[in-house]
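> Quick one: this structure, given as structure tokens, is what I'll be asking you about.
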């Protein structure tokens, strides 16, 4: 049995890489952090045209999914290019609404929002216990879906934007009120499934973020000289970078193993696999960020230097949708 991406999946990743390389995502991230949505929404639209958001939406709602392997490929590239916006939460909302619609709940909401999500025409976010008390980018979303126990409602707005480790990840608590879409045990079950997909997509983003940090750091240590030599030739530097590479390469099969588990649909096994991938990818990206910061020296701290965009994102993704301790506990409990 071959555990490798096929040619179509590999080319999909390369196409996204080329598209995002030409999109100027660094400036879109900075604009997003300032509250300017135009550049980020433009990138979002291009991802929608490429079919990225359709991967989490069933075919019955004009999507192409659910296709977790392809979603992992796409979100790794989104992480590599630091794409701003609630990408993870939009995928989670798609899974949440689709799961409820399959069970006969919130059908109208699914019919209204899922085709728009699939086409990249809607930016939505989720506030759920598994994701913490805040909704990511609620101030920029077209809709906020709020899970409260066994009730699902829409947010009627958002509270003040809270500071985040990553300035481009704008956090706000949803306000009360809004339309109640459905209630009952099906909401809790669908929310748990959506949370697994959110943790999975976060792991993919973290892996991509770590890969970008490693690539940029390797390029830098080949250029910077000290004592008349490239610092990349020093054994201590090689060891640090090798540790990062090993951590990322160990996280990669866990991520795609989790994708296969999600595709099989066994919730308990999939949850453990996702937790393992999340902790491995999150810790690998965090290690990459610390190594990149050290090897770049003082410039790694500066807002003007693009590296800081990835360093901050790695730290935030490490705890988003499941901290390392929570994920480890879930793996051990299985």
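> Please verify whether residue 135 is touching a helix residue (DSSP H, G or I) at 6+ places or on another chain (Cβ under 9 Å), crowded, with 20+ Cβ neighbours inside 10 Å, modelled with pLDDT under 95 and under 25 Å from residue 36 (Cα atoms), treating the condition exactly as stated.
It is true that residue 135 is touching a helix residue (DSSP H, G or I) at 6+ places or on another chain (Cβ under 9 Å), crowded, with 20+ Cβ neighbours inside 10 Å, modelled with pLDDT under 95 and under 25 Å from residue 36 (Cα atoms).
> Just one of the numbered conditions (1) under 25 Å from residue 163 (Cβ atoms); (2) in contact with a helix residue (DSSP H, G or I) (Cβ under 7 Å, 6 or more places away or on another chain); (3) touching a residue at least 40 places away in the same chain (Cβ under 8 Å) is not true of residue 121; which one?
The failed condition is (1).
> In addition: Checking residue 331 against (1) more than 26 Å from residue 171 (Cα to Cα); (2) touching a residue at least 40 places away in the same chain (Cβ under 8 Å); (3) crowded, with 19+ Cβ neighbours inside 10 Å: exactly one of these is not met. Which one?
Condition (3) is where residue 331 drops out.
> Let me ask you something else. For segment 198-223: of the residues being free of Cβ contacts under 8 Å to residues at least 60 places away in the same chain and in contact with a strand residue (DSSP E or B) (Cβ under 9 Å, 6 or more places away or on another chain), which is surrounded by the most Cβ atoms within 10 Å (Cβ to Cβ)?
Looking at the filtered set, the residue picked out is 222.
> Further question: Do you know which residues across segment 234-248 are surrounded by 12 or more Cβ atoms within 10 Å (Cβ to Cβ) and assigned to a helix (DSSP H, G or I)?
237, 238, 240, 241, 243, 244, 245, 246, 247, 248
> Restricting attention to segment 46-96, which residues are within 30 Å of residue 306 (Cα to Cα), in contact with a strand residue (DSSP E or B) (Cβ under 8 Å, 6 or more places away or on another chain) and either at pLDDT below 95 or not in a helix (DSSP H, G or I) (or both)?
86
> Go through (1) farther than 21 Å from residue 68 by Cα; (2) in contact (Cβ under 8 Å) with a residue 24 or more places away in the chain; (3) surrounded by fewer than 24 Cβ atoms within 10 Å (Cβ to Cβ) and name the single condition residue 267 misses.
(1)
The values are calculated or read from the model by the stated rules, or taken from the named source; none is laboratory data. Note that the coordinates shown come from a computational prediction; the quantities given were computed from them, not determined experimentally. Cβ atoms come from the backbone with ideal geometry, glycine included; neighbour counts cover every protein chain shown.
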